[in-house]
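S.K.: Can you keep this structure in mind? I'll have questions shortly.
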Amino acid sequence: MEFEASMVDPSLSLAMSMHASRGTYALLLGSGVSQPSGIPTGWEIVLDLIRKLAVLKGEDCEPDPEYWYRSISGSQPDYSDILDQVTRSSADRAQLMRAYFEPNENELQEGRKLPSRAHRAIAKLVATGYVRVVVTTNFDRLTEQALMDEGIQPTVISTVDSILGALPMMHSPCTVIKVHGDYLDSRLRNTARELASYEPPFNHLLDRVFDEFGLVICGWSAEWDVALRGAIERCGTHRYATYWAVRGSLGPIAEKLAALRRAAIVKIADADSFFADLADRIRAVEEYSLADPVSARVAVARLKRYLSTEEQRISLHDLVVSETERAYRGTRGERYPVGVVSQLTGQDLKGRLIGYESELHVLLPLMICGAYWATPSQHELFLRSFKRIAGGLHPMSGSATLLNMRRYPALILLYGLGVSAIARDNYQFVRELLLTRLSVGTNGLDRPVTAVFSAGAVLAPDLQRRLPGYESQYTPLSNHLFSVLREPLREYLPDDALYDQAFDWFEYLFGLVHCDLETTTDELTRLKAGPGLWCLRGPVGRYMWKGEYGGPSIQQETALRQGNLYPDKVAGVLRAGFFGSGGSLRDDRYRDIKLGFDTFVAQMRHELGVF
């Protein structure tokens, strides 16, 4: 049977659907989910019981136990009848059934008859609210055990009596519906006759499930379970989609049922990998989703209210610190391993950048707002937040590229804070930010933030040009930051041209401050006295290539005017105390640093072929 092709992988579509509609998908689990744990199927138990009956009668039922049973009874094998013949009491029956479903000492050591990866992943989906109903044909209690290991006490329905006494599904954290019964209850459904029909309360319950929930089917062939098929067939509504996970291909009966339910077929290797991957995919969709813009807007609105009054200083602190810690945990989590890999593609690098950005989708707008509106007495809170994200990146074993990329979250915040403060002409905050020192290396050496965080320190230039869409650009990561920060800064710099200017000024000032902090007065004197051109090396940004495309460059805008007058933006920087000016506008060091850095930028332009 051919199903309509989709541009989206069904497994990804399933993860996105479950993420978007939390709690609206039920699972239908067959024996294929429990078999890898060493649990026998219902029919395998029937055949084994027939063998035990044959032994009691002193006969040999092989090679066809079913045929042997029909020959002596004149009827099809009946689970309850056989069980009554091989046991004498309810206690004997319970003990016999435990041997099929509960592990002995050897099985425990081998990890058999215990919840599998699939059961554990299902329990995680329940714990996070993505699944609330599990329909299963299995007698075992592996699903319940995995749920209880997660701290969830499910409502288990395995008989008509339990339906009548159960909590409504909407009020239970998880309802497990065992349509064929539980192994410790003799009212199991096993034979064709027993599987042909359900009691009215069971039918009514299943009708509700298949009408009100989407469906994820795994490990179920649909071949023998006539009554269960009927419950699916008589459901005329399809509020949510159906996904059928299958190894190989569906059988003829399952094909017809899938077509009736308009199910998407998900090809899988096995139940364990399917549910583990599904849980991982949902987590990825959850974490990589760049933004719940509403939560970011609400957080920023709260921040503005707290910034405006001293009485809210505790609320201000708690808001910033709590979101900082959330972002810290996210950016340092297992999602970003740094182990050595054979090859990193441009897509790999871009995916990691986007992942880090997603972790900051609330903190970044908060920091931008704080840099713009905070008073001097409030600066320290936002600087501490930045240092929290930037700190603790000590050397460790792994891929050098991935280790360096750990600096990217701090680089985004550094740019967001800096450009926002420049938009407000808050040069005191910019100075405090760029003069921040961080402990790096195992020896705890303090280094200026400009020496630790730059585009080149995060991603080497040749790796930057692997980023999709940036292959032929001169400053790929700087250009990417420019794009990423545009929307968070739009409220404070609505005009695109003003945003462009503020971004260039921050990047250029960043390079100047780096040169200033890395060059002593004696070194500067020696360089100036030396023969020929001299330069001061520092991080460059996208301004490096922009002067050729119309309008004055940032280097020209920050040069001394006629009469040795400083432009307003430079005067603001010097009044804030940059370059050791002490607030004075007569500062030869700024001019020397600028001359040396501009010479280096010109050399970079020449080397890259920017003319």
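S.K.: If each DSSP helix of 4+ residues adds -39,500 (n - 2.57) and the sum is divided by the residues in the chain, what number results at 222 nm, nearest 500 deg cm²/dmol?
M.R.: Working: 33 runs with 340 residues, N = 611.
So the helix-based figure for the chain works out to -16500 deg cm²/dmol.
S.K.: Given points 7 Å out from each Cα along the Cα-Cβ axis, report the Val55 to Arg575 separation in nanometres with one decimal.
M.R.: For Val55 paired with Arg575, the spin-label model returns 9.6 nm.
S.K.: Report, ordered by chain and residue number, the lysines lying within cross-link reach of Lys256, taken as a straight Cα distance under 22 Å and ignoring same-chain residues fewer than 8 apart.
M.R.: Reachable lysines: Lys267.
S.K.: Here's something else I'd like to know. Would you mind computing the Rg to Rh ratio of the chain from its alpha-carbon coordinates, Kirkwood style for Rh? Let's see the in-between values first.
M.R.: Details: Rg = 33.8 Å, Rh = 29.3 Å.
Result: Rg/Rh = 1.15.
S.K.: Sticking with this structure for a sec: What is the diffusion coefficient of the range 293-494 in µm²/s, taking the Kirkwood radius over Cα pairs and the Stokes-Einstein relation at 10 °C with a viscosity of 1.306 mPa s? Present the calculation step by step, with values, prior to reporting the outcome.
M.R.: Numbers: Rh = 17.5 Å.
This corresponds to a translational diffusion coefficient of 91 µm²/s.
S.K.: Sequence gap at least 6, Cα distance under 8 Å: using those rules, report the relative contact order of the chain to the nearest whole percent.
M.R.: 10 percent
S.K.: Got a sec to turn the phi values of the range 427-438 into Karplus ³J(HN,Hα) couplings, 6.51 cos²θ - 1.76 cosθ + 1.60 with θ = phi - 60°, whole Hz, x for Gly and Pro?
M.R.: 6, 5, 5, 4, 5, 4, 5, 6, 8, 4, 10, 10
S.K.: Taking a cut-off of 28 Å between Cα atoms, list the lysines near Lys304, but don't count ones fewer than 8 places away on the same chain.
M.R.: Lys387, Lys569
S.K.: How big is the range 42-109 by Rg and Dmax over its Cα atoms, in Å?
M.R.: Rg then Dmax for the range 42-109, in Å: 12.9, 43.
Taken together, the values in this text are just the output of simple stated rules run on the coordinates, not laboratory data. No experiment lies behind these values; they were computed from the predicted model shown. Note that each Cβ is placed from the backbone with ideal geometry, even for glycine, and that neighbours are counted across all protein chains shown.
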